[in-house]
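Quick note: the coordinates plus some simple rules give every number you see, no bench work behind them. All values derive from a computational prediction rather than experimental measurement. Counting neighbours? That spans all protein chains shown, and the Cβs are built from the backbone with ideal geometry, glycine included.
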Amino acid sequence: FLKTTFTELTNLESALEDRHSATAERMAHSIKGAAGILGFMGIHEVAKKIESAIRENHLTDIHGTILMIREKLDLVADALQREKRNAKA
């Protein structure tokens, strides 16, 4: 999930820079769905906001919102690393 989502975020940003809103919207939708299935509701909600902003062409503050997802993913990655270390102990 983490690797795929970080890749999708990079692709989303590239699509926005290239003005390919349909591709960017698909990336946001994919992130939203995967996060929702796994129960990462904070990521799901932020991806939902990004998807809506792209659909409605409200792109002014979208990079800050993308940064919010990256920060939430970093928190998930850190928590998983702690669990992995604790499992080995």
Quiz item: Which residue, chosen from L67, M27, F6, occupies the Cα position most advanced towards the positive end of the dipole of the chain, where the dipole is computed from +1 (Lys, Arg) and -1 (Asp, Glu) charges on Cβ about the Cα centre?
Solution: F6
Quiz item: Considering lysine pairs in the chain that are 8 or more places apart or on different chains, how many have Cα atoms under 19 Å apart?
Solution: 9
Quiz prompt | Overall form of the chain per C-alpha gyration tensor (a/c, 1.5; a/b vs b/c) | solution = prolate
Quiz item: Taking a point 7 angstrom from the Cα of K84 along the C-beta vector, which residues in region 61-77 have backbone N less than 16 Å away?
Solution: 73-77
Practice problem: Just add up the charged neighbours of E51: K/R +1, D/E -1, any other residue whose Cβ is under 10 Å from the Cβ of E51. | Solution: +3
Practice problem: Would you work out the relative contact order for the chain, in percent, from Cα pairs under 8 angstrom that are 6 or more residues apart? | Solution: 24
